[in-house]
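The values are calculated or read from the model by the stated rules, or taken from the named source; none is laboratory data. Owing to the predicted nature of the structure, the values given are computational and were not obtained by experimental measurement. Methodologically, a virtual Cβ is constructed for each residue, glycine included, from the backbone with ideal geometry; neighbour enumeration extends over all protein chains shown.
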Amino acid sequence: MRRTILVGVLALLVTQAAPAAATTRPTLYLAMGDSLAVGDGASVQSETGYVGLLTDYFAGTPHGNAKDARNISVGGETTGSFLAGQANAGVATILDPSTDVTVVTVSISGNDLLNLLNEPGDPCVINPGSAECQILLATALGGVAANYPTVMGTLSWALAQDPGAERVFVLTLYNPFGGTGSPYEVPIDYALLGVDLAIDCAAAQVNPMAAGLNDIVACTSWAFGATVVDGYAVIGDNALALTHIGDPGFNIHPNDEGYAAIAKAHRRAW
C-alpha cells in the first residue's frame, strides 16, 4: 500500500515538474511589393495573380507550411515609398507574436524605372537613348542601389527575431516589351541587365555604373540570403503572349498565363 502511494506521489511530482507544451503559432506566408504582387492584370487578382497561385503551394509542409497568407502589397510602390510605409507594416507582421512567418515574397523596384515612362512628354518616352533620359535612368538606378540594401536588411532583421526558419523570394523585373520590336525593348534590356546584358555581381562591384536594375536587386538579395526568382527569363521575348502590352493602353502587367509562369518559377526556385 505504501509503495502504491509513493508511486502515485512521484508520478504527480513528475507531471507537475514537466514543462508545458510549447504554444504553436499559426504559420504565415507574407507577400510584399508592388502591383505585380497585388496581381494587376490578372482576371482575379487574389486567385490568378502569382501570390494567389502560390498560397496553396506554400501551405504545403515541404514548402513553408504557411497555413495562412497575408498580402500587404501596394500598387505603384517604389523602393522609396516601400521604405516609407510598407516596410513598417511588414516588420509589424513579422514581429506579431501571434504568428510565425515562414515564407516572404518580394516584388519591388520596377516602378523606380517605369516612372520614367509616365507621360508622353517624358524624355525617356520621347527618346530612350537621349542623354537626358540616360541621366534620369542613372539617377533612378542610384536610388534603387541606395534603397535596396535597406529593404533587404530591414526584412532580414525582422525575420531574425521571428521563431523558426524562413524563406525569402525576390522577383526580378521582366522586359514588358520583350519580343515586341518596340523601340523601348533594347533600351529596357540594358536598363535591367546593364551593359553586359547579364546579371554579374562581380562586374557590378568593379563598375557599379554598368549595373542594371536586376543586377542591383539580385546581387543585394543574394547577399542577404534570399532566393532570387528570375522574372526577366520568365517573360523573355514572350511579352505579347504573357502580358497585356499588346492590349489597348499602356499595360505592362502579366495576364493569367504570365502570372502562372511567374508562380511556377517561384516553385522551381524552392
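What single numbered condition from (1) in contact with a strand residue (DSSP E or B) (Cβ under 6 Å, 6 or more places away or on another chain); (2) within 29 Å of PRO149 (Cβ to Cβ) fails to hold for ASN65?
Just one mismatch for ASN65, condition (2).
For the subset of region 86-111 comprising residues that are of a type in the set (Gly, Ala, Ser) and over 26 Å from LYS67 (Cα atoms), which member is surrounded by the fewest Cβ atoms within 10 Å (Cβ to Cβ)?
Quick first cut of region 86-111, residues of a type in the set (Gly, Ala, Ser) only: 87, 89-90, 92, 98, 107, 109-110.
Filter again for over 26 Å from LYS67 (Cα atoms), leaving 109-110.
Working: SER109: 31, GLY110: 26.
The extreme case among them is GLY110.
Going through region 236-259 one residue at a time, which ones are buried (at least 17 other Cβ atoms within 10 Å of the Cβ) and within 24 Å of HIS63 (Cα to Cα)?
Just the residues of region 236-259 that are buried (at least 17 other Cβ atoms within 10 Å of the Cβ), to begin with: 239, 242-245, 252-256, 258-259.
Matches in region 236-259: ASP256, GLY258, TYR259.
For region 189-231, name all the residues that are outside any helix (DSSP H, G or I) and touching a residue at least 40 places away in the same chain (Cβ under 8 Å). Show your work before the answer.
As a first pass, look at region 189-231 and keep what is outside any helix (DSSP H, G or I): 194-200, 207, 211-212, 224-230.
Selection gives ALA211, GLY212, PHE224, GLY225, ALA226, THR227, VAL228, VAL229, ASP230.
Being at pLDDT 95 or above and small (Gly, Ala, Ser) is the filter here; which residues of region 199-246 pass it?
GLY212, ALA218, SER221, ALA223, GLY225, ALA226, GLY231, ALA233, GLY236, ALA239, ALA241, GLY246
What number goes with the only condition from (1) touching a residue at least 40 places away in the same chain (Cβ under 8 Å); (2) farther than 17 Å from ASP215 by Cα; (3) out of contact with any Asp or Glu (no Cβ under 7 Å at 6 or more places or on another chain) that ALA92 does not pass?
Of everything listed in (1) touching a residue at least 40 places away in the same chain (Cβ under 8 Å); (2) farther than 17 Å from ASP215 by Cα; (3) out of contact with any Asp or Glu (no Cβ under 7 Å at 6 or more places or on another chain), ALA92 misses just condition (1).
As an exercise: evaluate GLY179 against (1) in contact with a Leu (Cβ under 9 Å, 6 or more places away or on another chain); (2) small (Gly, Ala, Ser); (3) assigned to a helix (DSSP H, G or I) and give the number of the one condition it does not meet.
(3)
For region 238-247, indicate whether the set of residues that are part of a helix (DSSP H, G or I) and out of contact with any Ser or Thr (no Cβ under 8 Å at 6 or more places or on another chain) is non-empty.
If we filter region 238-247 for residues that are part of a helix (DSSP H, G or I), which is where we start, we get 239-242.
Subset that is out of contact with any Ser or Thr (no Cβ under 8 Å at 6 or more places or on another chain): 241-242.
Checked against the condition, which is being part of a helix (DSSP H, G or I) and out of contact with any Ser or Thr (no Cβ under 8 Å at 6 or more places or on another chain), region 238-247 yields at least one hit.
Within region 25-37, take every residue that is touching a strand residue (DSSP E or B) at 6+ places or on another chain (Cβ under 8 Å) and surrounded by fewer than 23 Cβ atoms within 10 Å (Cβ to Cβ) and give me the one that is farthest from ALA260 (Cα to Cα). Even if it seems obvious, please write down each step before you answer.
Here is the first cut: in region 25-37, the ones touching a strand residue (DSSP E or B) at 6+ places or on another chain (Cβ under 8 Å) are 25-34, 36-37.
Imposing the further condition that a residue be surrounded by fewer than 23 Cβ atoms within 10 Å (Cβ to Cβ) reduces the set to 25-27.
Values: ARG25: 30, PRO26: 27, THR27: 24 Å.
So, considering only residues that are touching a strand residue (DSSP E or B) at 6+ places or on another chain (Cβ under 8 Å) and surrounded by fewer than 23 Cβ atoms within 10 Å (Cβ to Cβ), the one farthest from ALA260 (Cα to Cα) is ARG25.
Considering only residues that are among the hydrophobic types (A, V, I, L, M, F, W, C) and in a strand (DSSP E or B), look in region 76-116 and name the one that is nearest to CYS133 (Cα to Cα).
First, the residues of region 76-116 that are among the hydrophobic types (A, V, I, L, M, F, W, C): 82-84, 87, 89, 91-92, 94-95, 101, 103-104, 106, 108, 113-114, 116.
Still in the running and in a strand (DSSP E or B): 101, 103-104, 106.
On the way: VAL101: 41, VAL103: 38, VAL104: 34, VAL106: 28 Å.
Ranking the qualifying residues of region 76-116, first place goes to VAL106.
Going residue by residue through region 123-138, is there one that turns out to be touching an Asp or Glu at 6+ places or on another chain (Cβ under 6 Å) and surrounded by 13 or more Cβ atoms within 10 Å (Cβ to Cβ)? Can you show your working first?
Taking region 123-138 as the starting set, the residues that turn out to be touching an Asp or Glu at 6+ places or on another chain (Cβ under 6 Å) are 123.
Adding the requirement that they be surrounded by 13 or more Cβ atoms within 10 Å (Cβ to Cβ) leaves 123.
Within region 123-138, one or more residues are touching an Asp or Glu at 6+ places or on another chain (Cβ under 6 Å) and surrounded by 13 or more Cβ atoms within 10 Å (Cβ to Cβ).
Right, THR139: within 16 Å of the chain's Cα centre (by Cα) and outside any loop (DSSP other than H, G, I, E, B) or not?
Taking the combined requirement at face value, the residue does not satisfy it.
When you look at VAL151, is it under 24 Å from ALA233 (Cβ atoms) and either among the polar types (S, T, N, Q) or assigned to a strand (DSSP E or B) (or both), yes or no?
On the way: under 24 Å from ALA233 (Cβ atoms): yes; either among the polar types (S, T, N, Q) or assigned to a strand (DSSP E or B) (or both): no.
So VAL151 fails the test.
Is there any pair with a first residue in region 120-139 that is free of Cβ contacts under 8 Å to residues at least 40 places away in the same chain and a second that is surrounded by 12 or more Cβ atoms within 10 Å (Cβ to Cβ) and acidic (Asp, Glu) whose Cβ atoms are under 8 Å apart and which are 6 or more apart or on different chains, and what are they?
From region 120-139, the pairs are PRO123/GLU132.
I'd like to know if region 155-164 contains one or more residues that are aliphatic (A, V, I, L, M), closer than 27 Å to ALA261 by Cβ and either touching a Phe, Trp or Tyr at 6+ places or on another chain (Cβ under 8 Å) or surrounded by 19 or more Cβ atoms within 10 Å (Cβ to Cβ) (or both). I'd like the intermediate steps shown before the answer.
Initial filter on region 155-164 (aliphatic (A, V, I, L, M)): 155, 158-160.
The next check asks that each one be closer than 27 Å to ALA261 by Cβ; those that pass are 155.
Applying the additional criterion that residues be either touching a Phe, Trp or Tyr at 6+ places or on another chain (Cβ under 8 Å) or surrounded by 19 or more Cβ atoms within 10 Å (Cβ to Cβ) (or both) yields 155.
Scanning region 155-164 turns up at least one residue that is aliphatic (A, V, I, L, M), closer than 27 Å to ALA261 by Cβ and either touching a Phe, Trp or Tyr at 6+ places or on another chain (Cβ under 8 Å) or surrounded by 19 or more Cβ atoms within 10 Å (Cβ to Cβ) (or both).
Within region 210-261, how many residues turn out to be under 23 Å from VAL151 (Cα atoms) and of a type in the set (Gly, Ala, Ser)?
9
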